[in-house]
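Engineer: Can you keep this structure in mind? I'll have questions shortly.
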2 protein chains.
Amino acid sequence: MADLITVEDPDDPRLSDYTGLTDVELRRRREPAEGLFIAEGEKVIRRARDAGYAMRSMLLSAKWIDTMRDVIDELPAPVYAVSPELAERVTGYHVHRGALASMQRKPLPTAAELLTSARRVAVMESVNDHTNIGAIFRSAAALGMDAVLLSPDCADPLYRRSVKVSMGAVFSVPYARLEGWPKGLETVREAGFRLLALTPDEKATVIDDARPHRLDRVALMLGAEGEGLSTRALRAADEWVRIPMAHGVDSLNVGAAAAVAFYAVATGRPGA
Amino acid sequence: MADLITVEDPDDPRLSDYTGLTDVELRRRREPAEGLFIAEGEKVIRRARDAGYAMRSMLLSAKWIDTMRDVIDELPAPVYAVSPELAERVTGYHVHRGALASMQRKPLPTAAELLTSARRVAVMESVNDHTNIGAIFRSAAALGMDAVLLSPDCADPLYRRSVKVSMGAVFSVPYARLEGWPKGLETVREAGFRLLALTPDEKATVIDDARPHRLDRVALMLGAEGEGLSTRALRAADEWVRIPMAHGVDSLNVGAAAAVAFYAVATGRPGA
């Protein structure tokens, strides 16, 4: 059972995992370096725990202690009970979900490891918006993608905002970072995947016509909101696919495009 | 050509269309009552104009005057040139897109009018999040939905945030409000539409199995994030359809679900 420790000093060094949570740049550097990430709110904390992440500590306001009692009872780590005011002073914002946990990262698998058992993978290039990363993981989980591969410059799926938007799907969909880009795509091809690049380019095949749900192994490549996939990524693909768009519309947002494309490549769809 | 008027007093009554833009509750009441809405940023302002909305005025910081010169030259309405500081004092936020326009609303068509020529319509129940409304319009435009029908309690598609997230798609996809809910759905059925209710319920037909892209006229009903469609809305539908979900996932977010469903009902898809 966890030690339940009441903390009243915002400078207490035991709270250092939780300081300056609104400083994105700081946290982006600190969290991977220190091997931690922050889970926020009861549901997300439970999902992180259920996915096998170890907890370093929790920070709770008093009224959340009862709700989290079962988690606390099993926890071999300290729980800091604080007032909402102190939570705000430490983190930099009003923690309306009332519960934060500092979780220990796990070593990421390699892409090659993930690819041995996967059949449907999403490959993201330069998606560095935390909201988009989270939304894409949520759709990937719901629509049956087996894994996500990230180019080296993609944002961190375990950043607080990504975790929250994903509703914890970043814990359930395994992911890896490719080493080198687009060179890392070779690993994917060598594992037997057909690389489909999603692009609005008129020269691309309409995605259903490519019959991607009939392919044994599909890696669906997605670029960032706005620019889309880079020329070198497009060159490295086996085939370009597009979602048919109504006249005069630029494009779907990356979250919507990803959801449609995941749906289109899902195995077991009828017809076509 | 517009009068270009330099304004230096934040309390100048000519700027009243732009006051308190960050006060959502205030603006939600004021804008429909006063028959205006706010377009933000060059692209969105141009799209509103191209869609035939009349401009009441523009509010520009000096460096945007050249960029908007062609719009100004044709405009039979005043253009207020202000400093970025004054723009912030009036609106309540730092207007980093530098250009705002107050546009005149147009009378909405009735649902019956829209339904005469449409074949694919989205029907939204109680979607009162401005970001979600905007995202759904953007996907509706891209994926070829002909019109959107709103339950009486849906949020305003012309609210600034909705307009922005939609990338102006709220100007290009015609929409109407149903009178009465779910009673208003009768109008839709009488116009020859099959009412498909999107739900995660296991009893629903997998959406592709319902072969919705083969139907002549489809009205796809969507509920709000979280709750989904109400029981009475589900009862009023002709058929329930669901997007197949991977095991253990609650659901897609409403924007992703809408995009997938719009794709599934689009005419002209191959196969199935």
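The values are calculated or read from the model by the stated rules, or taken from the named source; none is laboratory data. Quick caveat: nothing in here was measured; it's all calculated off a predicted structure. Virtual Cβ from ideal backbone geometry, glycine too; neighbours counted across all protein chains shown. Side chains are part of the model used for accessible areas, which takes the heavy atoms of the whole protein and leaves out ligands, DNA and RNA. Shrake-Rupley method; radii C 1.70, N 1.55, O 1.52, S 1.80 Å.
Engineer: So, A:Ala147, is that one touching a helix residue (DSSP H, G or I) at 6+ places or on another chain (Cβ under 6 Å), open to solvent by less than 10 Å² (accessible area, probe 1.4 Å) and away from chain B (no Cβ under 14 Å) or not? Lay out the reasoning, then the answer.
Structural biologist: On the way: touching a helix residue (DSSP H, G or I) at 6+ places or on another chain (Cβ under 6 Å): yes; open to solvent by less than 10 Å² (accessible area, probe 1.4 Å): yes; away from chain B (no Cβ under 14 Å): no.
Taking the combined requirement at face value, the residue does not satisfy it.
Yes/no per residue for (1) in the same structural domain as B:Gly98 (by TED's automatic domain parsing); (2) at pLDDT 95 or above; (3) of a type in the set (A, V, I, L, M, F, W, C); (4) touching a helix residue (DSSP H, G or I) at 6+ places or on another chain (Cβ under 9 Å):
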position: B:Arg14; (1), (2), (3), (4): yes, yes, no, no
position: B:Thr22; (1), (2), (3), (4): yes, no, no, yes
position: B:Leu26; (1), (2), (3), (4): yes, no, yes, no
position: B:Pro32; (1), (2), (3), (4): yes, no, no, no
position: B:Lys43; (1), (2), (3), (4): yes, no, no, no
position: B:Trp64; (1), (2), (3), (4): yes, no, yes, yes
position: B:Arg69; (1), (2), (3), (4): yes, no, no, no
position: B:Pro76; (1), (2), (3), (4): yes, no, no, no
position: B:Val79; (1), (2), (3), (4): yes, yes, yes, yes
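Engineer: Of all the residues that make up the stretch A:211-225, how many are open to solvent by less than 80 Å² (accessible area, probe 1.4 Å), within 14 Å of chain B (Cβ to nearest Cβ) and either out of contact with any Lys or Arg (no Cβ under 9 Å at 6 or more places or on another chain) or of a type in the set (D, E, K, R) (or both)?
Structural biologist: The initial filter retains those residues of the stretch A:211-225 that are open to solvent by less than 80 Å² (accessible area, probe 1.4 Å), namely A:212-213, A:215, A:217-225.
Add one more test, that the residue is within 14 Å of chain B (Cβ to nearest Cβ), and what stays is A:212-213, A:222, A:225.
Subsequent filtering for residues that are either out of contact with any Lys or Arg (no Cβ under 9 Å at 6 or more places or on another chain) or of a type in the set (D, E, K, R) (or both) retains A:222, A:225.
Number of matching residues: 2.
Engineer: Ok, one more. Any residue at all in the stretch B:112-120 that is among the polar types (S, T, N, Q) and open to solvent by 20 Å² or more (accessible area, probe 1.4 Å)?
Structural biologist: Looking through the stretch B:112-120, at least one residue is among the polar types (S, T, N, Q) and open to solvent by 20 Å² or more (accessible area, probe 1.4 Å).
Engineer: So, A:Gly134, is that one closer than 17 Å to A:Pro174 by Cα, at pLDDT 95 or above and either outside any strand (DSSP E or B) or over 18 Å from the mean Cα position of the chain (by Cα) (or both) or not? Walk me through it before giving the result.
Structural biologist: Details: closer than 17 Å to A:Pro174 by Cα: yes; at pLDDT 95 or above: yes; either outside any strand (DSSP E or B) or over 18 Å from the mean Cα position of the chain (by Cα) (or both): yes.
Judged against the criteria, A:Gly134 is a match.
Engineer: Is it the case that A:Lys164 is out of contact with any Ser or Thr (no Cβ under 8 Å at 6 or more places or on another chain), open to solvent by 10 Å² or more (accessible area, probe 1.4 Å), among the basic types (Lys, Arg) and within 14 Å of chain B (Cβ to nearest Cβ)? Give the derivation first.
Structural biologist: Numbers: out of contact with any Ser or Thr (no Cβ under 8 Å at 6 or more places or on another chain): yes; open to solvent by 10 Å² or more (accessible area, probe 1.4 Å): yes; among the basic types (Lys, Arg): yes; within 14 Å of chain B (Cβ to nearest Cβ): yes.
Criteria met by A:Lys164.
Engineer: Just one of (1) among the hydrophobic types (A, V, I, L, M, F, W, C); (2) outside any loop (DSSP other than H, G, I, E, B); (3) in contact (Cβ under 8 Å) with a residue 60 or more places away in the chain; (4) within 13 Å of another protein chain (Cβ to nearest Cβ) trips up B:Ala141, so point out which.
Structural biologist: Result: B:Ala141 fails condition (3) only.
Engineer: While we're here: Does A:Ser230 qualify as being at pLDDT below 95 and assigned by TED's automatic domain parsing to the domain that holds A:Ala141?
Structural biologist: Values: at pLDDT below 95: no; assigned by TED's automatic domain parsing to the domain that holds A:Ala141: yes.
In short, no.
Engineer: Quick check on A:Ser172: is it surrounded by fewer than 21 Cβ atoms within 10 Å (Cβ to Cβ), under 21 Å from B:Ser251 (Cα atoms) and facing chain B (nearest Cβ under 9 Å)?
Structural biologist: Numbers: surrounded by fewer than 21 Cβ atoms within 10 Å (Cβ to Cβ): yes; under 21 Å from B:Ser251 (Cα atoms): yes; facing chain B (nearest Cβ under 9 Å): yes.
Yes, satisfied.
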